Amino acid sequence: MPKSTVLVTQDFQVTSKIYLIRGKRVMLDSDIAELYGVQTKFLNLAVRRNRDRFPMDFMIQLSSEEAKSLRLQFATSKKGRGGPRYLPHAFTQEGVAMLSGVLRSRRAVQANILIMRAFIKLRQMVATNELIRQKIEELEKKYEKHDKQFKLVFEALRDLLNPPAGSKKKPIGFHSHMGEHS
């Protein structure tokens, strides 16, 4: 497989593991552990040993409702005898960056670079979409009193940026609407 194809595949795999939980873009401890090539319990052990490096804005522990909702969304059942003993942790971009100082294997460093690039790409996509929206609004104000054809163009552009309310397209990632939990 060509190197560029591998990078695109890896990039997509990482991006698809970034979820929106409590209004923050995060990655789950199990997904990070998989990318780092370690067991989740060892990743969490390293985090517990360095707890002062992971304040609440770097890492959150999911509530039991959030964890249950996440399992239901992906139709996964508990593994082994009764499943995990602990609720999953979710790391923000800053938390993932801090993990690089805790887990220092070569694979962890490479995975961290992929993860950072995925977070940056998502942030750029959101910023680009907002910039496009602002430019369209500016042009619409400028040409609103002109030709009716402009109005049709702006309506079409707005439809592209805002899918119809009845759209069947599911949002990407896990979206929790639970209250703030620590």
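The values are calculated or read from the model by the stated rules, or taken from the named source; none is laboratory data. Predicted model only: the values in this text are computed from it and were never measured. So basically every Cβ, Gly included, is an ideal-geometry build from the backbone, and we count neighbours across all protein chains shown.
Contact annotation: residue pairs with Cβ atoms under 8 Å, 6 or more positions apart or on different chains, pairing a residue in region 47-67 that is within 11 Å of P88 (Cβ to Cβ) and in contact (Cβ under 8 Å) with a residue 24 or more places away in the chain with a partner that is basic (K, R) and in a strand (DSSP E or B), are I60/K24. Using the structure shown, decide if K78 is surrounded by fewer than 18 Cβ atoms within 10 Å (Cβ to Cβ), in contact with a helix residue (DSSP H, G or I) (Cβ under 9 Å, 6 or more places away or on another chain) and modelled with pLDDT under 65. Criteria met by K78.
Only strands (runs of 3 or more DSSP E) whose full extent lies in region 1-66 are considered here, and the ones with at least 1 residues that are at pLDDT 90 or above and closer than 15 Å to A111 by Cβ are 24-28.
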